[in-house]
Amino acid sequence: MRRMRAIAPLSTLFLMLAVAAMANEPARINYSVEPSSTGPSATVVSKDGETVVIFEVPSFNPGTALSFTFSMRPGKAVNRAVYPNYATLAAVGNDGLEAAFTPSMVSFDAPLSVATSGVTLTLAPGNYRGLRRLEMRILAHPDPGTMLGEGPGVKVVVLKDRKAARASRESGMLQDVKDALAPGAGTRAALPADAP
């Protein structure tokens, strides 16, 4: 009986400490991507709170543009986050991808308020020989000291699709054969006998 009486206050103390710790944790931003917003069409996977956008391209050609729209929502209330809260959008990861945001800064007016932005990733000039994968993470950086955490962000994976690359090569080879077999291909008008 005494042990039960001793445990009860300890349980209450631990519960109070846990609630206090949660109250001091920043609300984190949660991210989502609607698959229909991706261009070209991409696969969107959400697992354990992380959103991953997977683009498959036939080759890494500089200037290739990939885009999608993502939504951000700060978590719900046991926190001391300050609202309205402004966050600057940024990208970290592979130097071969350059990111542009529309808009480049978003505002959260309250917990659970939603902000959206479009992002376009462009393959920068460079040598991609031997590379089969590029990765980048898109994040919202809230103002410091506002108790709003940036969260996991959106992970972007760009894969070189071997099948598409092979199909593109085969299509090019087939076109070369068709051009070679076209009427008049490879023939030249006979030069006059007195030509130099």
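Taking the conditions exactly as written (under 26 Å from residue 162 (Cβ atoms) and of a type in the set (Phe, Trp, Tyr)), does residue 55 satisfy them or not?
Yes: the conditions hold for residue 55.
Yes/no matrix, rows are residues, columns are (1) of a type in the set (Ser, Thr, Tyr); (2) at pLDDT below 95; (3) closer than 25 Å to residue 67 by Cβ; (4) assigned to a strand (DSSP E or B):
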residue: 118; (1), (2), (3), (4): no, no, yes, yes
residue: 122; (1), (2), (3), (4): yes, no, yes, yes
residue: 140; (1), (2), (3), (4): no, no, yes, yes
residue: 151; (1), (2), (3), (4): no, yes, yes, no
residue: 155; (1), (2), (3), (4): no, no, yes, yes
residue: 164; (1), (2), (3), (4): no, yes, yes, no
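Take region 80-102 and flag every residue that is assigned to a loop (DSSP other than H, G, I, E, B) and in contact with a Leu (Cβ under 8 Å, 6 or more places away or on another chain).
Residues satisfying the conditions are 81, 82, 94, 96.
Determine which single condition residue 7 fails, assuming it passes every other condition in (1) surrounded by fewer than 10 Cβ atoms within 10 Å (Cβ to Cβ); (2) over 27 Å from residue 146 (Cβ atoms); (3) modelled with pLDDT under 95.
With respect to (1) surrounded by fewer than 10 Cβ atoms within 10 Å (Cβ to Cβ); (2) over 27 Å from residue 146 (Cβ atoms); (3) modelled with pLDDT under 95, residue 7 is out only on (1).
Contact list please: Cβ distance under 7 Å, first residue in region 110-139 and in contact (Cβ under 8 Å) with a residue 12 or more places away in the chain and under 17 Å from residue 44 (Cβ atoms), second residue exposed (fewer than 13 other Cβ atoms within 10 Å of the Cβ) and small (Gly, Ala, Ser), pairs at least six apart or on different chains.
Final answer for the pair search is 120/65.
Of all residues in region 25-59, count the ones that are over 22 Å from residue 97 (Cβ atoms) and of a type in the set (Asp, Glu).
Qualifying residue count for the region: 2.
Where the second residue is not in a strand (DSSP E or B) and the first is of a type in the set (A, V, I, L, M) and lies in region 45-57, which pairs have Cβ atoms under 6 Å and are six or more apart or on separate chains?
53/42; 54/42
The values are calculated or read from the model by the stated rules, or taken from the named source; none is laboratory data. The model shown is predicted, which means the values in this text are computed figures rather than measured ones. Ideal geometry is used to build each Cβ from the backbone, glycine not excepted, and the neighbour counts take in all protein chains shown.
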